[in-house]
Amino acid sequence: MQEYKLKTFPRGGVHPAENKLSAASATRPLPLPERVVIPVVQHLGAPAEPVVQKGETVVTGQLLARGRGFVSANIHSSVSGKVFRIEERPDASGYKRLSFVIDRQGDEWDPSIDRSETLRENIQISREEIIRKIQDAGIVGMGGATFPTHVKLNVPKGKKADILIINGVECEPYLTADHRLMLEKSRELMVGIRILMKALEVNRAVIGIENNKPDAIELLDNLAGKDEGITVQPLKVKYPQGGEKQLIKAITGREVPSGGLPVDVGAVVHNVGTTFAAYEAVQKNKPLIERIVTVTGKSVKEPSNFVVRIGTPVAGVIEAAGGLPEDTGKVVLGGPMMGKAISKLDIPVTKGTSGILIIPDSEAHRKPVQPCIRCARCVSVCPMGLEPYLLMSLGQKQLWDKARQESVMDCIECGSCSFTCPADRPLLDYIRLDKMRVGELIRKEKKAVS
């Protein structure tokens, strides 16, 4: 394997144990569930509006709910069967969301979807048609943010993108879904990159991959050599390198300004899962109805990567990996740094579910909170240059205006501060509270102006 010059972002970051237990586990399709629960909110923005009714029969890939407004996303059926109910069901956060409950009957697909394994390389449609097909397919950011992809591809007037960055970092411990995708769908991924390049009208794309995935780096580097304008940039292993602003800084040296967006410095970032979904939408007419999900944990019998239909209960995915271990203390959707613990296993897999992490009881409990000793470790590891100890104090005192002045909205919620705090203080919990309250203030101000 050739030598690469490794890059990384310069400010902050931590090095949690990687625990990529499922990295060697090839993806395999999960058996189809008998019932799925598909929420109308699986994205940032406005909920989708239902277009089918209770009692209707639907096929796999059929539109269930249409995105309402520009920042929204279509929702499709992941199975064929009968709409048993349309009712509110709890999501991963515990909030009740309007959802389709569908009882599966066979697996009949929308006939317009190309289900073959044939690689479709020629991109024969315009950028406008690409964006429309991606919007129609309900594609969102699959690295966890779930921002509607078509919105990112519509660069605002007065701004210009000159580089597409493909996020293959997967810096969260334990998760390996993106790693397996890069290894198993590499050729499709390259076509997906060209599709996104055409949509953005850029001539340069860089795939960022951390150096703990040397097989993916080598494979994609060999393929990228055949595509003009596409390169692979190996990166040093450091969390949270998968954050958009950190990845842009590592690869281009450009710094997204406070309150700004990546396109402000000419960059647009898309996850590898999103890029593959874009390929399937444009070249196969396939909506986003399934995704790769990692099921892992130190006590899990068989850490695995599954292709899972959207709406499948978490319990069913865990069962396929050997079942829930006896010493389970917590089940988390996502990784240990930014994931969310769930209280019930009937929560459905959604477009943003990258992993299911099962944490043993011995590691699942928080330690007693101690007084802050002003060691400034939280400051030194913050990749955004914030002062987490101060932001937590402002949250405790409900000083929202002061928190806003201290740029709390720049926090990317990576959890590096809480991870490194020797006093085990819940820094991120209070910063999230700050952001919620400051966000409310900002929305009230905008509403008053309008």
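Some notes on this structure:
- Selection count, the range 292-305, where residues are open to solvent by less than 10 Å² (accessible area, probe 1.4 Å) and either in a loop (DSSP other than H, G, I, E, B) or within 17 Å of L345 (Cα to Cα) (or both): 5
- Check on P29, open to solvent by 40 Å² or more (accessible area, probe 1.4 Å) and over 29 Å from T231 (Cα atoms): yes
- Where strands (runs of 3 or more DSSP E) fall entirely within the range 23-111, none has at least 2 residues that are free of Cβ contacts under 8 Å to residues at least 12 places away in the same chain.
- Of everything in the range 135-169 that is of a type in the set (G, A, S) and open to solvent by 40 Å² or more (accessible area, probe 1.4 Å), the residue that is nearest to T8 (Cα to Cα) is G143.
- When the range 263-273 is limited to residues that are surrounded by fewer than 22 Cβ atoms within 10 Å (Cβ to Cβ) and touching a residue at least 60 places away in the same chain (Cβ under 8 Å), the one that is nearest to the chain's Cα centre (by Cα) turns out to be V263.
- Test: residue in the range 274-291 that is crowded, with 19+ Cβ neighbours inside 10 Å, over 26 Å from S116 (Cβ atoms) and in contact (Cβ under 8 Å) with a residue 24 or more places away in the chain: no
- Verdict on G316 being open to solvent by 10 Å² or more (accessible area, probe 1.4 Å) and in a loop (DSSP other than H, G, I, E, B): no
- Matching option when the condition is more than 28 Å from T350 (Cβ to Cβ) and touching a residue at least 12 places away in the same chain (Cβ under 8 Å), among N222, N167, N211: N211
- Scanning the range 247-262 for residues that are outside any helix (DSSP H, G or I) and surrounded by 18 or more Cβ atoms within 10 Å (Cβ to Cβ) yields one hit, V256.
The values are calculated or read from the model by the stated rules, or taken from the named source; none is laboratory data. All values derive from a computational prediction rather than experimental measurement. Heads up, the Cβs are rebuilt from the backbone with ideal geometry, glycines too, and the neighbour counts pull from every protein chain shown. Ligands, DNA and RNA are excluded from the accessible area calculation, which covers all protein heavy atoms including side chains. Shrake-Rupley method; radii C 1.70, N 1.55, O 1.52, S 1.80 Å.
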